[in-house]
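Novice: After the structure tokens below, expect a handful of questions from me.
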Amino acid sequence: MDRVDTYYLAQLIMYAVFMFSIIAYATLDGFDLGVGCLHLFSKGDEERRLMINAIGPVWDGNSTWIVIGGGVLFAAFPTAFSTLAPNLYTPFMLLLFGFMLRAASIEFRSKGHQKWWAPFWDRCFFLASFILALVIGLVLGNLIQGLPLDNGQIVGGLTALITPYTLLIALLGIACFMMHGSIYLLMKTEGAFHDKVRRWAHRSIVFFLITWLAATLATFIQHPHMLAPFQNHPIVGVFPLLSLGSIGMILWMIRRKRDGMAFLFSCLSIFFLLFLFAMGTFPHIAYSTIRPEQNSLTFMNSSVSELALWILVGVSCTGAPLSFFYFPYIYKVFKGKVKLDSHSY
């Protein structure tokens, strides 16, 4: 294999690692965000404590995937990072604010005993989760429709990033995370609260289906470039069917009250949605709507040297087994229904 081939292979591997980290983040931290978005629908301190303790052992570990994704973008594709970071400064700062506020709200909620203390942090937890879900959806929506990049600068400023389409994708993200979070809570709760969560799950699934259909139709009409991989490689068309099938299986498993399987198919639905996003945007990290051939950022024109990429591939191969061991282990340790005690949040 000649030099050009090995360079492309290293670029492709690190691009796959980047996309995998984004998919892993949305799948794992997605239910944490969904629980946060549902938090104020619960009534009473006990229900809210159950919700926070359902995600308490895992939320911080789940968040590391977005750090990994950012690290890969910075280390492997610095040109893309140096363009996106300043141009998406406000969204990135909102993400940082959301992560800090969520961590503070979870950790501080049980530390005070004043009457206003817990309700205040409950609202902060909801706000942080909503901001994170909203901004993630807006960023993904912009990466689908393309950024008005010209010579490394966004034309039109921040307002150019907020369009009906990106707001629709943001709404889809919120609906998806709420569905994912409610199904996760079904596995962790029991009794009367479990019945309430089941009603949330039914409603959030309907909300997700409506936004999914609207977003799919809007993408087909407004952004036909997302269909290019399916037109060029018809076999790839199986993945939209798998996405639709996984959503249908969520409904079937919820109806049969097989909550664990419903959660599995919820994870698969997120995986297939983001896999379709990766296929539709390939090979772009950021597609430019202004002179795309000149201004678009791909994993090929944004990467570091071949040697640096292969070093990063080696680091990824070292860290991946640790992740694949840690996450199944931690979920096995904390499986089962949530029980509140003196050490709970």
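Each reported figure results from applying straightforward, stated rules to the coordinates on display, with no laboratory input. Just so it is clear, the model here is predicted, and its values are computed rather than measured. Using ideal geometry, Cβ is built from the backbone for each residue, glycine included, and neighbour counts are taken over all protein chains shown.
Novice: Quick one: Cα convex hull volume of segment 43-104, Å³ per residue?
Specialist: 87
Novice: Once both axes come from the Cα atoms, what is the angle between helix 117-145 and the longest principal axis of the chain, in degrees from 0 to 90, rounded to 10?
Specialist: Computed tilt is about 20 degrees.
Novice: Once both axes come from the Cα atoms, what is the angle between helix 306-333 and the longest principal axis of the chain, in degrees from 0 to 90, rounded to 10?
Specialist: Result, in degrees: 20.
Novice: For segment 88-172, what mean projected area does the convex hull of the alpha carbons give, in nm²?
Specialist: 6.2
Novice: If you don't mind, another one. Which value in nm describes the separation of the simple spin-label points at Leu227 and Val333, placed 7 Å from the Cα toward the beta carbon?
Specialist: A separation of 4.9 nm, rounded to one decimal place.
Novice: Same structure, new question: Quick check: Cα centre of segment 230-265 to Cα centre of segment 113-164, how many Å?
Specialist: One Cα centre to the other: 28 Å.
Novice: At what distance in angstrom do the alpha carbon centres of segment 267-325 and segment 27-80 lie from each other?
Specialist: Taking the Cα centre of segment 27-80 as reference, the centre of segment 267-325 is 22 Å away.
Novice: Work from the charge dipole of segment 239-345 (Cβ charges, +1 for Lys and Arg, -1 for Asp and Glu, about the Cα centre) and give the residue of Pro292, Ser303, Tyr329 farthest towards its positive end.
Specialist: Tyr329
Novice: Determine the principal axes of the Cα atoms in segment 264-312, then give the extent along each, sorted from largest to smallest and rounded to whole angstroms.
Specialist: 39, 34, 9
Novice: Could you order the peptides 172-180, 265-273, 328-336, 307-315 from most to least packed, using the average number of other C-beta atoms within 10 Å per residue?
Specialist: Top to bottom by mean Cβ count within 10 Å: 172-180, 265-273, 307-315, 328-336.
Novice: Grab the alpha carbons of segment 9-51, take their convex hull, and tell me the volume per residue in Å³.
Specialist: Output value, Cα hull per residue: 48 Å³.
Novice: When all alpha-carbon pairs of segment 155-262 are counted, what percent fall beyond 15 Å?
Specialist: Numbers: 4067 of 5778 pairs.
Taking all Cα-Cα pairs of segment 155-262, the fraction more than 15 Å apart is 70 percent.
Novice: Then there is this: Which whole-number percent gives the relative contact order of the chain, counting Cα pairs below 8 Å spaced six or more residues apart? Write out the running numbers ahead of the final one.
Specialist: Working: 417 pairs, mean separation 93.4, N = 345.
Relative contact order comes out at 27 percent.
Novice: I need the calculated FRET efficiency for the pair Gln153 and Leu307, taking r as the beta carbon distance and R₀ as 30 Å, to the nearest 0.05.
Specialist: 0.45
Novice: Dipole size in debye (nearest 20) for segment 91-190 around its Cα centre, Lys and Arg Cβ +1, Asp and Glu Cβ -1?
Specialist: Charge dipole, segment 91-190, about its Cα centre: 380 debye, nearest 20.
Novice: What nm value, rounded to one decimal, do you get for the distance between Leu9 and Lys196 when each label is placed 7 Å out toward the C-beta?
Specialist: 5.6
Novice: Of all chymotrypsin sites (Phe, Trp or Tyr not before Pro) in segment 97-126, which ones are in loop regions per DSSP and have a Cβ with at most 16 other Cβ atoms within 10 Å? Show your work: numbers first, answer last.
Specialist: Numbers: sites: Phe97, Phe99, Phe108, Trp116, Trp117, Phe120, Trp121, Phe125, Phe126; in loops: Trp116.
Answer by residue number: Trp116.
Novice: Beyond 26 Å, what percent of the Cα pairs of the chain remain?
Specialist: 51
Novice: Could you tell me which of the pairs Lys257/Lys335; Lys43/Lys257; Lys115/Lys339; Lys196/Lys337; Lys188/Lys339 are separated by over 20 angstrom between their Cα atoms in the structure shown?
Specialist: Violating the 20 Å Cα-Cα cut-off are Lys43/Lys257; Lys115/Lys339.
Novice: Can you tally the net charge around Val135? Count Lys and Arg as +1, Asp and Glu as -1, for every other residue whose Cβ sits under 14 Å from the Cβ of Val135.
Specialist: That works out to 0.
Novice: Using the alpha-carbon atoms, what tilt in degrees (0 to 90, nearest 10) does helix 89-108 show relative to the longest principal axis of the chain?
Specialist: On a 0 to 90 degree scale, this one is about 20.
Novice: Quick check: net charge around Asp32, other residues with Cβ under 10 Å of its Cβ, Lys/Arg +1 and Asp/Glu -1?
Specialist: -1
Novice: Please report the equivalent ellipsoid semi-axes of segment 202-345, computed as sqrt(5 x eigenvalue) of the Cα gyration tensor, largest first, in whole Å.
Specialist: Listed largest to smallest, the semi-axes of segment 202-345 are 34, 27, 14 Å.
Novice: Dipole magnitude of the chain about its Cα centre, charges +1 at Lys/Arg Cβ and -1 at Asp/Glu Cβ only, in debye to the nearest 20?
Specialist: Computed about the Cα centre, the dipole is about 1320 debye.
Novice: If you add up the charges near Ile330, with Lys and Arg at +1 and Asp and Glu at -1, over every other residue whose beta carbon is less than 14 angstrom from its beta carbon, what do you get?
Specialist: -1
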